[in-house]
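Right, I'll just put the structure down here and ask away after.
The values are calculated or read from the model by the stated rules, or taken from the named source; none is laboratory data. None of these values were measured; they are calculated from a predicted model. Heads up, the Cβs are rebuilt from the backbone with ideal geometry, glycines too, and the neighbour counts pull from every protein chain shown.
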Amino acid sequence: MARPGGRVDPRIKSGDGMTADGFAVHNRDFCFRGNDRVAIGRGVPTSAKSAPVSAALADLVRRGALSADPLQAKAATVLDGVAAGITNGNGRLFGRRKPVRGAYLVGAVGRGKTMLMDRFFAAAPVTAKRRVHFDEFMDELHQAITAFRKGPRGKAENADPIAAVTRPIVEATRLICLDEFQVTDITNAMLLGRLFEKLFAGGVTLVATSNTLPDDLYRDGLNRPLFLPFIEELKTQVEVVRLDGPTDYRRLKLEGEEVYRFGTGPEVRHGMDRLWLKLCGGVQGKPDTVHSLGRDIVVPEAAMGAARFGFAALCDTPLGARDYLRIAHAYDALMIDGVPAFTRGNASAAKRFILLVDTLYDRGLRLAASFAVPLDELGQESRLAGELQRTVSRLVEMQSTAYLEAAHKPL
């Protein structure tokens with residue numbers, strides 16, 4: 001999967017809080033690139049301050065981490081405009097924040113949507129910003145609505161749970177960035193219209209990534225005519241930017257590579273290091289953090305949409321299904337070093353590994369890993385041999401060309 005762009009996920013690196021209405025609010029500080037200038041296009045100098053996304057994209061191309069792509073360059077220009085609008089639109093109009101039109105990056109997997117979102121979010125010149133996966137955002141909203149209805153205000157005759165849960169978002173957020181915007185169930189479909197009506201009216205700017213054009217959201221869904229006004233409002237509030245070029249950059253980074261290594265020792269480690277450099281386009285990995293259920297999961301190394309873990313960090317620690325899903329939301333490729341043979345002595349780790357592989361498989365993530373023994377020997381000595389046999393079958397499929405070319409799937 002190897003995104004053509006890093007996901008050193010800044011949205012989860014500092015303190016989170018909870019409003020009285022039960023909605024999570026994330027306040028974060030971010031690093032900026034400074035005022036360095038790099039050349040893009042036909043040698044035209046572009047300021048990282050006035051065109052931060054274009055400058056960051058050009059820097060990645062210059063360093064060889066990415067290939068030049070005119071569709072990505074166009075999208076970067078649109079995101080620069082959103083950043084500039086937020087910079088210049090911090091005032092208020094008739095007591096409300098001035099609205100700034102956002103962006104909706106749409107295209108198949110591997111076209112650079114997340115990489116561009118990474119660069120935009122890091123450079124967006126506001127502190128009142130939040131980035132979150134669309135599914136997690138909607139889960140939080142449903143939880144907040146449930147909490148409101150159980151409280152004394154929620155039992156009032158004129159109670160308005162949508163207004164109650166959106167008010168703290170508007171107060172705390174100038175910019176919201178949603179990854180993998182996708183509407184598949186009627187509950188979310190019926191909620192989105194009123195939700196974003198409140199957010200847009202409060203001056204919140206939306207930037208989103210999606211595999212689906214706005215006009216195709218919730219297609220063939222139950223009572224879809226009731227959802228159509230939201231689609232029209234969405235298209236008014238964001239510029240739809242299509243990234244529909246023919247090249248899947250994620251697949252290219254693993255094309256022709258053996259994604260699994262077998263055995264132990266320096267040769268295997270060096271092979272994994274070489275594969276990691278290819279996954280990341282030579283970009284230096286850095287530690288990262290994934291926030292899950294009120295705690296932080298430490299990611300030893302992350303860059304360009306990929307994360308690298310030792311086996312013990314994922315499976316010898318008390319992580320569960322929700323934790324693995326958070327990791328799968330945060331990255332497109334995962335590298336795991338040192339998967340052992342499973343025996344009666346490490347049954348708990350084996351159970352977590354089975355759950356991890358199921359999560360990655362269901363999400364369509366690319367996986368690279370080193371194993372102490374061949375796959376067909378992975379669970380021979382384990383009391384979970386039957387379950388591990390299915391896991392091995394999935395691991396075999398996950399190294400196939402058909403799997404690597406398949407879409408990154410929403411859950």
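Could you pull out the residue among Pro161, Pro168 that is more than 17 Å from His329 (Cβ to Cβ) and either out of contact with any Asp or Glu (no Cβ under 7 Å at 6 or more places or on another chain) or without any contact (Cβ under 8 Å) to a residue 24 or more places away in the chain (or both)?
On the way: Pro168 fails: either out of contact with any Asp or Glu (no Cβ under 7 Å at 6 or more places or on another chain) or without any contact (Cβ under 8 Å) to a residue 24 or more places away in the chain (or both).
Matching residue, one of Pro161, Pro168: Pro161.
I need every pair where a residue in the stretch 355-374 that is in contact (Cβ under 8 Å) with a residue 40 or more places away in the chain and closer than 17 Å to Tyr331 by Cβ has its Cβ under 6 Å from the Cβ of a residue that is among the aromatic types (Phe, Trp, Tyr) and surrounded by fewer than 22 Cβ atoms within 10 Å (Cβ to Cβ), sequence separation at least 6 or different chains.
Once the first residue is in contact (Cβ under 8 Å) with a residue 40 or more places away in the chain and closer than 17 Å to Tyr331 by Cβ and sits in the stretch 355-374, its partners that are among the aromatic types (Phe, Trp, Tyr) and surrounded by fewer than 22 Cβ atoms within 10 Å (Cβ to Cβ) give Ala369/Tyr260.
Can you give me the number of residues within the stretch 198-221 that are part of a loop (DSSP other than H, G, I, E, B) and within 22 Å of the chain's Cα centre (by Cα)?
So in the stretch 198-221, the residues part of a loop (DSSP other than H, G, I, E, B) come out as 202-204, 211-213, 217-221.
Filter again for within 22 Å of the chain's Cα centre (by Cα), leaving 204, 211-213, 217-218.
Result for the stretch 198-221: 6.
Could you please find all residues in the stretch 140-158 being farther than 16 Å from Met190 by Cβ, out of contact with any Gly (no Cβ under 9 Å at 6 or more places or on another chain) and either not assigned by TED's automatic domain parsing to the domain that holds Cys177 or not basic (Lys, Arg) (or both)?
Those that are farther than 16 Å from Met190 by Cβ, out of contact with any Gly (no Cβ under 9 Å at 6 or more places or on another chain) and either not assigned by TED's automatic domain parsing to the domain that holds Cys177 or not basic (Lys, Arg) (or both): Pro152, Gly154, Ala156, Glu157, Asn158.
As an exercise: evaluate Ser348 against (1) closer than 18 Å to Tyr324 by Cβ; (2) surrounded by 22 or more Cβ atoms within 10 Å (Cβ to Cβ) and give the number of the one condition it does not meet.
Of (1) closer than 18 Å to Tyr324 by Cβ; (2) surrounded by 22 or more Cβ atoms within 10 Å (Cβ to Cβ), only one is false for Ser348: (2).
Give Asn90, Asn35 a once-over and let me know the one that is of a type outside the set (A, V, I, L, M, F, W, C), in contact with a Lys or Arg (Cβ under 7 Å, 6 or more places away or on another chain), modelled with pLDDT under 75 and in a loop (DSSP other than H, G, I, E, B). Spell out the reasoning first.
Values: Asn90 fails: in contact with a Lys or Arg (Cβ under 7 Å, 6 or more places away or on another chain).
After ruling out the rest, the residue left standing is Asn35.
With the requirement that a residue be under 30 Å from Pro125 (Cβ atoms), surrounded by fewer than 20 Cβ atoms within 10 Å (Cβ to Cβ) and touching a helix residue (DSSP H, G or I) at 6+ places or on another chain (Cβ under 7 Å), what does the stretch 152-169 give you?
If the condition is that a residue be under 30 Å from Pro125 (Cβ atoms), surrounded by fewer than 20 Cβ atoms within 10 Å (Cβ to Cβ) and touching a helix residue (DSSP H, G or I) at 6+ places or on another chain (Cβ under 7 Å), then Ile162, Ala163 are the ones that fit.
Being modelled with pLDDT under 95 and not assigned by TED's automatic domain parsing to the domain that holds Thr114 is the requirement here; does Gly320 meet it?
Working: modelled with pLDDT under 95: yes; not assigned by TED's automatic domain parsing to the domain that holds Thr114: yes.
Yes.
For every residue, the table says whether it meets (1) touching a residue at least 60 places away in the same chain (Cβ under 8 Å); (2) of a type in the set (Lys, Arg); (3) assigned by TED's automatic domain parsing to the domain that holds Gly282.
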| residue | (1), (2), (3) |
| --- | --- |
| Ala306 | yes, no, yes |
| Cys315 | no, no, yes |
| Ile327 | no, no, yes |
| Lys351 | no, yes, yes |
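So Ala122 ticks every box in (1) within 22 Å of Ile327 (Cβ to Cβ); (2) assigned to a helix (DSSP H, G or I); (3) out of contact with any Phe, Trp or Tyr (no Cβ under 8 Å at 6 or more places or on another chain) but one. Which box is left unticked?
Of everything listed in (1) within 22 Å of Ile327 (Cβ to Cβ); (2) assigned to a helix (DSSP H, G or I); (3) out of contact with any Phe, Trp or Tyr (no Cβ under 8 Å at 6 or more places or on another chain), Ala122 misses just condition (3).
Moving to a separate point now. I'd like the full set of residues that are at pLDDT below 70, in a loop (DSSP other than H, G, I, E, B) and either assigned by TED's automatic domain parsing to the domain that holds Lys74 or not charged (D, E, K, R) (or both), limited to the stretch 249-259. Working first, answer last.
If we filter the stretch 249-259 for residues that are at pLDDT below 70, which is where we start, we get 249-256.
Then drop every residue that is not in a loop (DSSP other than H, G, I, E, B), which leaves 255-256.
Gly256 - this is the single residue of the stretch 249-259 that is at pLDDT below 70, in a loop (DSSP other than H, G, I, E, B) and either assigned by TED's automatic domain parsing to the domain that holds Lys74 or not charged (D, E, K, R) (or both).
Given the structure, is Arg167 assigned to a helix (DSSP H, G or I), among the basic types (Lys, Arg) and at pLDDT 90 or above? Show your work before the answer.
Working: assigned to a helix (DSSP H, G or I): yes; among the basic types (Lys, Arg): yes; at pLDDT 90 or above: yes.
Considered against the rule, which asks whether it is assigned to a helix (DSSP H, G or I), among the basic types (Lys, Arg) and at pLDDT 90 or above, Arg167 comes out as yes.
Taking into account only those residues within the stretch 61-85 that are among the hydrophobic types (A, V, I, L, M, F, W, C) and crowded, with 21+ Cβ neighbours inside 10 Å, which is nearest to Glu239 (Cα to Cα)?
We begin by selecting, within the stretch 61-85, every residue among the hydrophobic types (A, V, I, L, M, F, W, C); these are 61, 65-66, 68, 71, 73, 75-76, 78-79, 82-84.
Next, only the ones that are crowded, with 21+ Cβ neighbours inside 10 Å stay: 66, 75-76, 78-79, 82-83.
Details: Leu66: 25, Ala75: 10, Ala76: 12, Val78: 8, Leu79: 10, Val82: 10, Ala83: 13 Å.
Residue satisfying both the conditions and the ranking: Val78.
Let me ask another. Looking only at the stretch 354-369, decide whether some residue is assigned by TED's automatic domain parsing to the domain that holds Thr317, farther than 21 Å from Tyr324 by Cα and basic (Lys, Arg). If you could, list the steps in order and put the result at the bottom.
Going residue by residue through the stretch 354-369, those that are assigned by TED's automatic domain parsing to the domain that holds Thr317 are 354-369.
This time we only want the ones that are farther than 21 Å from Tyr324 by Cα, so: none.
Checked the stretch 354-369: no residue is assigned by TED's automatic domain parsing to the domain that holds Thr317, farther than 21 Å from Tyr324 by Cα and basic (Lys, Arg).
When you scan the stretch 333-340, do you find a residue that is in the same structural domain as Val299 (by TED's automatic domain parsing), surrounded by fewer than 21 Cβ atoms within 10 Å (Cβ to Cβ) and either hydrophobic (A, V, I, L, M, F, W, C) or more than 17 Å from Phe262 (Cβ to Cβ) (or both), even just one?
no
Give me the pairs, please: first residue somewhere in the stretch 100-112 and of a type in the set (D, E, K, R), second residue anywhere and at pLDDT 95 or above, beta-carbon distance under 7 Å, and either six or more positions apart or on two chains.
Qualifying pairs under 7 Å: Arg101/Gln237; Arg101/Val238; Arg101/Glu239.
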